[in-house]
Each structure stands twice: as C-alpha cells, then as structure tokens.
1. Among the aspartates and glutamates, which fall within straight-line cross-link reach of residue 90, defined as a Cα-Cα distance under 15 Å, with same-chain neighbours fewer than 8 residues apart omitted?
2. Need the list of lysines near residue 20 for cross-linking: C-alpha distance under 27 angstrom, and skip anything on the same chain fewer than eight residues off.
3. Could you work out how far the C-alpha centroid of segment 45-94 sits from that of segment 29-43, in angstrom?
4. Mind sorting out which of (1) 8.5; (2) 5.3; (3) 10.5 is the real mean projected area of the Cα convex hull in nm² computed from the coordinates?
5. Would you grab the residues whose amide H sits under 5 Å from the one on residue 47? Only those 5+ places off in sequence or on another chain, please, with H modelled 1.01 Å from N.
6. With unit charges on the beta carbons (Lys and Arg positive, Asp and Glu negative) and the dipole taken about the Cα centre of the chain, which residue among 6, 19, 73 sits farthest to the positive side?
7. Size of the dipole of segment 3-93 about the Cα centre, Lys and Arg at +1 and Asp and Glu at -1 on the beta carbon, nothing else charged, in debye to 20?
Amino acid sequence: MLVQSTGTDLYLLPALPRSKWPHGCVKGLKARGGVTVNISWKEGGLREALLWSSSEQISFARLHYADRTAPFSLSSGQVYRFGRDLKCLKTWPL
C-alpha cells in the first residue's frame, strides 16, 4: 500500500515493500476528499510528495510518514510539495 487515507489522516508509504521496490515513484493516486498524490522514494524512504485537490472540501488534518506526523490542509487549485520531514517545501497554482 502506497497511500492510505481516513477522514482526517493521510499516510504516505505505509506499507512500501522496501526490499522489492527500493526506488520508485507513483503518480495520480487518489485519496479521500478528492486529493491527488504523487510520491517518489529512494533507498526505501520518502523523497518527496506532491498533493493537490480540485475539491473545495478538504477534511484532512494530519499527514503521516514513518514516525512523523504534521498538520496540513490544502487549498483548492494549489499544488503542495512535501519533503521527507513532511515540511511543505513549495506551493504553486495547479
């Protein structure tokens, strides 16, 4: 499993088979709330994640990766780039 979403939480790479896929990327995964997710990883760890939504209703409150958790919310029509520490590195219009 590469993405898991609940009503309030979005988990990145919760069950990545690291030994089989040490490097890779996925594009266009859909999470609850109309969120689209692109993820890339290297050496079994998150490299970056891009998140965006065309929906006006965003219900996520927390972003998770490994043992890290960060609060977040998305504005419709904006792309958000997160690093492995879950800090938002950049935003730009969709």
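1. Once the sequence-local aspartates and glutamates are set aside, what remains near residue 90 is 48.
2. Correct list for residue 20: 30, 42.
3. When both Cα centres are located, 9 Å separates them.
4. (2)
5. The answer is 40, 41, 42.
6. 19
7. 240 debye
No lab work stands behind these numbers, since they all come straight from the coordinates. Please read these numbers as outputs of a predicted model, since none were measured by experiment. Ideal geometry is used to build each Cβ from the backbone, glycine not excepted, and the neighbour counts take in all protein chains shown.
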